[in-house]
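The values are calculated or read from the model by the stated rules, or taken from the named source; none is laboratory data. Computed from a prediction, not measured in an experiment: that's the story for all the values here. Cβ: placed from backbone, ideal geometry, glycine included. Neighbour counts: every protein chain shown. All accessible areas refer to the heavy atoms of the entire protein, side chains included, with ligands and DNA or RNA removed. Shrake-Rupley method; radii C 1.70, N 1.55, O 1.52, S 1.80 Å.
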Amino acid sequence: MTIYLYNTLSRKKEIFETVEPNKVKMYVCGPTVYDASHIGHARSVVVFDVLVRYLRARGFDVVYVRNFTDVDDKIIAKANQTGMSCMDLAEKFIQEFYVDMDALKVERATYEPRATHHIDDIIRIVQILIDKGHAYPLDGDVYFAVDRFSGYGKLSGRKLDDMEAGARVDVDIRKRNPFDFALWKAAKPGEPEWDSPWGKGRPGWHIECSAMSFALLGETIDIHGGGMDLTFPHHENEVAQSEAAFGKTFVKYWVHNGFVNINHEKMSKSLGNFLLIKDVLKSYHPEVVRLFLLSSHYRSPIDFNDKIMDESSTALDKVYTLLARLEKRLEKNPVLSQSGDLWERFCEAMDDDLNTAKGIGLVFESVRILNHLLDESDKTFSSTLQQTLLTAWSDLQKIGRILGVFGEVPDQYASDRRSLGLQKTDVDPAWIEQMIADRTSARKAREWQKADEIRKQLEAMNVIIEDRPDGTLWRMG
RNA sequence: GGCGGCAUAGCCAAGUGGUAAGGCAACGGUCUGCAAAAUCGUUAUUCUUCGGUUCAAAUCCGAAUGCCGCCUCCA
C-alpha cells in the first residue's frame with residue numbers, strides 16, 4: 001500500500017512516508033473563536049477528520065492536534081463590541097464549535113489546545129528566536145526578521161524581492177523589513193496580557209501554532225493542514241519561526257483544503273453571505289452536508305447552493321434505501337465480514353491524495369449493482385449471493401466509518417429526513433397519517449380514483465408516498 | 001504589479017500517456033391498479049481554442065481565451 005498526498009511545499013503529489021514508522025503526527029489550524037463556525041470551517045474540519053480516520057483505518061497511530069486561537073485582534077474587537085470578556089467570548093464560541101462539529105459527526109482530535117494555555121511555550125520560543133538573532137524586540141513588541149531566515153517564502157513560492165514590488169503591507173518604519181511580523185505584541189489598555197521578558201503583552205497570531213505543535217508533537221511533524229488561504233502568510237511564518245528556532249524541518253507534508261463558495265460567490269463579510277453550520281443543519285441532514293463536502297476533491301473549490309444540496313440529499317437517500325433493503329435481506333444484526341472488492345477499490349482511491357470524490361463514485365456504482373442483485377435475488381436465491389451481499393454491506397459500513405456517513409439506522413435516517421422536511425412546511429404529520437389511512441381503506445375497497453385523489457393532495461404538500469408490501473411509507477420530497 | 005490554480009455532457013464530478021467512472025436532471029422500457037422506490041436503455045466519437053511531442057494525449061509541452069484564488073483578517 002502506498003499513500004500519495006499532495007504537498008503544497010513541492011506542489012506535487014508525493015509518496016507518504018512518515019518520520020517514524022506507522023506513526024503520524026498531524027497538526028491542523030483550528031478556528032479563531034470570535035464567531036460561529038461557517039460552512040468553510042466545516043469543510044476544513046471534515047476533510048482532516050476524514051484524513052485522520054483513513055490513516056487510522058490503514059493502521060497508522062495518529063496523534064492529531066487541532067488548536068483553538070483564543071487570543072487575537074478579532075476576539076478583542078468582538079469582545080469590546082459586545083461587552084463580553086475575551087475569555088468568555090472565546091469560551092462561548094469554543095462550545096458552539098463543538099455543538100456544530102459534533103452534529104457533523106466530527107471526531108475529537110487527540111489534543112485540542114488553546115493558545116492561552118501555552119503562553120509559556122510561546123515565550124520560550126520567542127526568546128530562542130531572539131537569542132539566535134532571528135527576532136528583535138521593539139518597544140515592547142517582538143518581530144521576526146524575515147531577512148534572517150533564508151528559506152522565507154519557500155512554502156508559498158514567494159520571494160521577498162517580488163513581494164515588495166506590489167507591497168500592500170502597512171509600512172511600519174520601525175520594522176527592519178516590511179514583512180517582519182509580530183511574535184509578541186505589547187499590551188494595550190483593556191487587552192488580555194501576560195508577563196514576558198519584553199513587558200506585558202500577548203502573542204502574535206503565527207507563533208502559537210509553532211509553539212503548540214512543538215509542545216505536543218515535537219520539532220518535526222508529518223502533516224500540517226489548514227485552509228488554502230493560510231498558506232501565506234500564516235504557514236509561511238510558522239515554517240520560518242519553527243525552523244529558525246529548532247534548526248529542523250518543521251513539517252514534511254503541507255496539506256491545504258479548497259474554499260466553499262455560496263451561490264458562486266466567495267463568502268465574505270461585505271456580501272454578508274456567511275453561511276453558518278447551525279443554519280445549514282436546519283435544512284439538511286448532517287450526513288448530507290458531509291457527503292456534499294466530500295463529493296469533490298478536497299483541493300477543488302466547491303459551490304454551496306440549494307440545488308447541489310438537494311442532489312446530495314437524494315443521493316444519500318439512495319444509499320440508505322439500499323442499506324435498508326440489504327439489512328432486511330441479511331441475517332439479523334449482520335457483523336462486519338472480510339473486506340471485499342469495493343473496500344479495496346475505495347482504498348485505492350483514498351490512497352491517491354484522498355480522492356473521496358472517486359471513492360463516493362464507487363459507492364454509487366456498487367449501490368446500483370447491489371440493487372440489481374437484490375432484484376434478481378427475489379427470483380433466485382443462493383448462499384454465494386448471500387455472502388456477496390454481506391461483504392458489500394460490510395464494505396459500505398467501513399467506507400461510511402471513514403467518510404462519517406451511512407452511520408444511522410436506515411429507519412432513523414428516514415424519520416430524521418421527514419422531520420427536516422416537515423420543518424420547511426406547516427404540514428401536520430398526524431394529518432398525513434390520517435390521509436394515508438384513508439387512502440389505504442380506499443385502496444382496499446379498490447376505489448382507485450379516491451386513492452389517487454388523496455395521493456395528489458399529499459403530493460401538493462410535498463409528501464411522497466410509497467406503497468410497500470408491508471404498508472405505505474411517506475417522505476418529504 | 002508579483003505568485004498560483006482551474007477549464008470534462010443540461011448541471012455536479014472522477015479520470016494526469018492506452019482510447020471518457022459516478023451522481024442529479026430529462027426521455028423511453030420493466031415493475032406497479034396508478035404511483036413511488038428499484039432496474040434496464042438513451043443522453044460527450046469527445047474533454048475551452050490553436051499549435052507541438054508521441055505509435056498513442058482529456059492527460060505532456062508552448063501559446064491564446066475565459067474564470068478563480070493568494071499577496072490585508074480569513075477555513
Positions within the stretch A:197-224 being open to solvent by less than 30 Å² (accessible area, probe 1.4 Å), more than 18 Å from residue A:24 (Cα to Cα) and of a type in the set (A, V, I, L, M, F, W, C), in sequence order
A:207, A:211
Any residue at all in the stretch A:241-248 that is in contact (Cβ under 8 Å) with a residue 12 or more places away in the chain, touching a Gly at 6+ places or on another chain (Cβ under 8 Å), under 19 Å from residue A:27 (Cβ atoms) and surrounded by fewer than 23 Cβ atoms within 10 Å (Cβ to Cβ)?
yes
When every residue in the stretch A:457-469 that is within 9 Å of RNA strand B (Cβ to nearest atom) and within 20 Å of residue A:422 (Cβ to Cβ) is compared, the one surrounded by the most Cβ atoms within 10 Å (Cβ to Cβ) is A:465
If we keep just the residues of the stretch A:249-293 that are crowded, with 20+ Cβ neighbours inside 10 Å, in a strand (DSSP E or B) and near RNA strand B (Cβ under 10 Å from one of its atoms), which is nearest to the chain's Cα centre (by Cα)?
A:257
Given the options A:195, A:222, name the one that is modelled with pLDDT of 95 or more, closer than 22 Å to residue A:66 by Cβ and among the charged types (D, E, K, R).
A:222
Among residues of the stretch A:418-453, those that are open to solvent by less than 70 Å² (accessible area, probe 1.4 Å), near RNA strand B (Cβ under 9 Å from one of its atoms) and without any contact (Cβ under 8 Å) to a residue 24 or more places away in the chain, counted:
3
Residue among A:300, A:312 that is among the polar types (S, T, N, Q), within 23 Å of residue A:16 (Cβ to Cβ) and not in a strand (DSSP E or B):
A:300
Could you go through the stretch A:47-56 and let me know if any residue there is farther than 21 Å from residue A:231 by Cα, of a type in the set (Val, Ile, Thr) and within 11 Å of RNA strand B (Cβ to nearest atom).
no
In the stretch A:122-154, anything outside any strand (DSSP E or B) and among the charged types (D, E, K, R) is listed as A:124, A:131, A:132, A:139, A:147, A:148, A:154
Mind checking which residues of the stretch A:342-367 are without any contact (Cβ under 8 Å) to a residue 24 or more places away in the chain and either on the phi > 0 side of the Ramachandran plot or open to solvent by 30 Å² or more (accessible area, probe 1.4 Å) (or both)?
A:344, A:345, A:348, A:358, A:361, A:365
Listed by range, strands (runs of 3 or more DSSP E) wholly within the stretch A:6-105 having at least 1 residues that are at pLDDT below 95, of a type in the set (Val, Ile, Thr) and open to solvent by 10 Å² or more (accessible area, probe 1.4 Å) are A:12-15
